[in-house]
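The values are calculated or read from the model by the stated rules, or taken from the named source; none is laboratory data. Predicted model only: the values in this text are computed from it and were never measured. For neighbour counting, all protein chains shown are included, and Cβ atoms are generated from backbone atoms with ideal geometry for every residue, glycine included. Just the protein is used for accessible areas: all its heavy atoms, side chains included, with ligands, DNA and RNA removed. Shrake-Rupley method; radii C 1.70, N 1.55, O 1.52, S 1.80 Å.
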Amino acid sequence: MITIESSGGLTLIQDRGRHSFRQLGVGWSGAFDQPAASLANSLVANDADAAVLEVLLGGLRFVAHTTITLAITGAPSGATVSSEDSIREMPFSQRVEIPSGAKVELGVPTVGMRTYVAFAGGIDVEQVLGSRSSDTLSNLGPRPLGVGQVLSLKSDSAKLRTTPPPASRQSDRLTDLPDINSLGSGTTDLASPDLVAALAASATSLSQSDSGTPTLAASSSPHAELVNGNLAELLTKRLWTVGDRSSRIGVRLSGDPLPIDYPSSWESEPTLPGSIQIAPNGELIIFGPDGPTTGGYPVIAVASAEALVRLSQLRPGSQLRLQISA
Amino acid sequence: MNARLSVARYGDHAWLIKADNYRAVTLAESIRRLIADNASLNTTIDEVVPGARTVLVIAKPGTTTANLGGAIADLLPEVDLDDNPETSPRMVRLEVTYDGADLHPIATELGLSTEALIRMHSESIYEVAFCGFAPGFAYLTGLNPRLHLPRLNTPRPQVPAGSVAIADSYSSVYPQASPGGWRLLGHTNATLFDLDKSEPALLRPGTQVRFTPTGTPIGLPEDLAQA
């Protein structure tokens, strides 16, 4: 059990999302940076479906009421653990056990937007339509965390299943991966294939955040023909800037408007996270995990799953390129 | 017979089928039945979602999608766009109190009495073409063309739950309080979206809907609302 003392920019409970209800107007939701959330869960030996905290731009602070095991991943935010007589840095992308009474505080990330905190056993909140994700568009699922809120953890009641670590193998396979300094001697199976895959996948989401302009892959949609000219070529010449009003619902990109015969009316069409809509003012809107299930503006392209992960960590003002992949 | 149907890739995990002049909800139902009969597609497709003129076929997350586009294209010649005679449509009747904020302004704009406007809205049989905007928000086709009016220029910051509204060629009911730009004719006390039910949405694609002004005698038993 933990008590929230500060909820930072915005702290949401997220899991892998709410699937199979789009035809009823219910979006997927779920962690925006899935590989980071998945890595956090793997580090504490959780099921892939366990719910984690998604913290926007740091600032989360909570007190543990029992001994808890957790891992922090995603945007590196410099966390500390403090107890009565000590304060120390909390390692990133590692499994860490903290004592009852200790306080964890996340700083502001140096790069990226969203930091993930997984607790061994997962967060114990009720599922809504098969998911514990907080949907900021429809308000389904748990509300954003507030100050004073007490969160139950599944480890509160159940003794976790533990497996002895295959210590001889873990260092062979993991030492050359980023963000892993010393993996400690936890009780997790650290060499599990799931964890290795999660580490590799999460390593890509922030890799270019502070070095050069990222290029995000998308495939053209059937409505790319609305654009006058070759969409792929037109995009190679354009630089897009992430707008201030971007959110989990949609990330807004401004740039030199694409030449388009904008339709006077447009019938609503089913959409997905990754759908790239063109608004009447030329702005592009890439739907995030909480994006609506249908859209009334033309979708000219669809961002790849990897592109969406990169987008989850790009701050307003960041620049990016879009590239149409075959 | 379905030469006009075409399928195109829509991102990494979905395919968009253009229905052209066909009803997207009928196309979606037919595709759903064909997928259910195809063991391989049945395990890889998560959902078939209709829009106004298109249908999106979405693969389950993490599935290998290399050959899925071809497999979906192979279904198209078998698509049956006639209404399935074996299944009579699900019918929901909603009792409406016509007291919406835009009732009188619309009547004035169209040169109608409010009684005539209420009659025009309540005598049609509607069908849920698709859902969107919010959980359980159904786009109902069948609105009398005289009532096709654009949305408000400035959306209201808060529209009450249960509001019965019109915009463009659609009617709908707001399942929960939310901002909204549709024009409000009245309200219903029915619960449109109930998480405690196995089918949470009262109105889902294909459902037929009738609006009955409050105080009007209820129709035949088979027309009664069923959740």
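General remarks:
- Against the test of being out of contact with any Leu (no Cβ under 6 Å at 6 or more places or on another chain), at pLDDT 65 or above, of a type outside the set (Ser, Thr, Tyr) and surrounded by 13 or more Cβ atoms within 10 Å (Cβ to Cβ), the options A:198, A:191, A:232 yield a single qualifying residue, A:232.
- You will find that of A:74, A:9, A:30, A:78, the residue that is over 30 Å from residue B:28 (Cα atoms) and either touching a Pro at 6+ places or on another chain (Cβ under 6 Å) or modelled with pLDDT of 95 or more (or both) is A:74 and no other.
- Scoring residue B:58 on the criteria (1) in contact with a strand residue (DSSP E or B) (Cβ under 9 Å, 6 or more places away or on another chain); (2) not assigned by TED's automatic domain parsing to the domain that holds residue B:41 leaves a single failure, condition (2).
- Failed item, numbered, when residue A:70 is tested on (1) open to solvent by less than 30 Å² (accessible area, probe 1.4 Å); (2) in contact (Cβ under 8 Å) with a residue 60 or more places away in the chain: (2)
- Residues of segment A:251-295 satisfying the condition of being closer than 30 Å to residue A:21 by Cβ and of a type in the set (A, V, I, L, M): A:251, A:253, A:272, A:276, A:278, A:279, A:284, A:285, A:286
- Candidate set from segment B:9-45 (those that are open to solvent by 30 Å² or more (accessible area, probe 1.4 Å), of a type outside the set (Lys, Arg) and not in a helix (DSSP H, G or I)); member that is farthest from residue B:79 (Cα to Cα): B:12
This table checks each residue for (1) within 14 Å of chain A (Cβ to nearest Cβ); (2) modelled with pLDDT of 95 or more.
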position: B:173; (1), (2): yes, yes
position: B:182; (1), (2): yes, yes
position: B:187; (1), (2): no, yes
position: B:194; (1), (2): yes, yes
position: B:198; (1), (2): yes, no
position: B:218; (1), (2): no, no
position: B:221; (1), (2): no, no
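- Residues of segment A:251-287 satisfying the condition of being small (Gly, Ala, Ser) and within 14 Å of chain B (Cβ to nearest Cβ): A:264, A:265, A:268, A:274, A:275
- Restricting segment A:264-288 to residues that are touching a Pro at 6+ places or on another chain (Cβ under 9 Å) and either in contact (Cβ under 8 Å) with a residue 60 or more places away in the chain or not in a strand (DSSP E or B) (or both), the residue that is farthest from residue B:13 (Cα to Cα) is A:281.
- Subset of segment A:282-314 (residues that are open to solvent by less than 10 Å² (accessible area, probe 1.4 Å) and acidic (Asp, Glu)): A:290
- Evaluation of residue B:189 against (1) surrounded by fewer than 19 Cβ atoms within 10 Å (Cβ to Cβ); (2) assigned to a strand (DSSP E or B) (one fails), failing number: (2)
- Matching residues in segment A:307-320 - criterion: being closer than 11 Å to residue A:215 by Cα and assigned to a helix (DSSP H, G or I): A:307, A:310, A:311
- Restricting attention to segment B:55-77, the residues that are outside any helix (DSSP H, G or I) and open to solvent by less than 10 Å² (accessible area, probe 1.4 Å) total 5.
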